[in-house]
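As structure tokens, the structure follows; a few thoughts come after it.
The values are calculated or read from the model by the stated rules, or taken from the named source; none is laboratory data. What you are looking at is a predicted structure, and each value in this text was computed from that prediction instead of being measured. Note that each Cβ is placed from the backbone with ideal geometry, even for glycine, and that neighbours are counted across all protein chains shown. For accessibility, only protein heavy atoms count, side chains too; no ligands or nucleic acids. Shrake-Rupley method; radii C 1.70, N 1.55, O 1.52, S 1.80 Å.
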Amino acid sequence: MAPESPDYAPGGPGNPLRERLAQVARELPDGPGVYLFKDASGLVLYVGKASSLKSRVGSYFTPSTDLGP
């Protein structure tokens with residue numbers, strides 16, 4: 001999504017869209033499944049699979065740890 005788009009969700013917390021997506025991730029089933037990353041026009045950019053959808057998709061909304069050089 002382009003930064004000027006109202007649906008743009010930058011990396012930082014506090015963005016309403018990001019918070020809404022994080023809530024949806026918390027409500028996903030804890031079982032196996034696939035997920036799609038799409039661009040603003042709906043084009044599929046990535047297809048992922050996970051043994052736990054809730055854990056995998058939720059990990060995209062958790063800040064990563066800086067492991068250093």
Practice problem: Please arrange Arg26, Arg18, Arg56 by accessible surface area, largest first, computed with a 1.4 Å probe and ligands excluded. | Solution: Arg26, Arg56, Arg18
Self-check item: For Ser52, net neighbour charge (Lys/Arg +1, Asp/Glu -1) across residues whose Cβ lies under 13 Å away
Solution: +3
Practice problem: Determine, from the Cβ-Cβ distance of Ser41 and Leu17 and an R0 of 25 Å, the FRET efficiency 1/(1 + (r/R0)^6), rounded to the nearest 0.05. | Solution: 0.90
Quiz item: Within the accessible area of region 13-69, what % is carbon and sulfur when the probe is 1.4 Å and the other protein chains stay in place?
Solution: 59 percent
Quiz item: For region 24-69, treating each Cα as an identical point scatterer without solvent, what Debye log10 I(q)/I(0) comes out at q = 0.24 1/Å?
Solution: -0.89
Practice problem: Please compute the net charge surrounding Ala22, taking Lys and Arg as +1 and Asp and Glu as -1 over other residues with Cβ under 14 Å from its Cβ. | Solution: +3
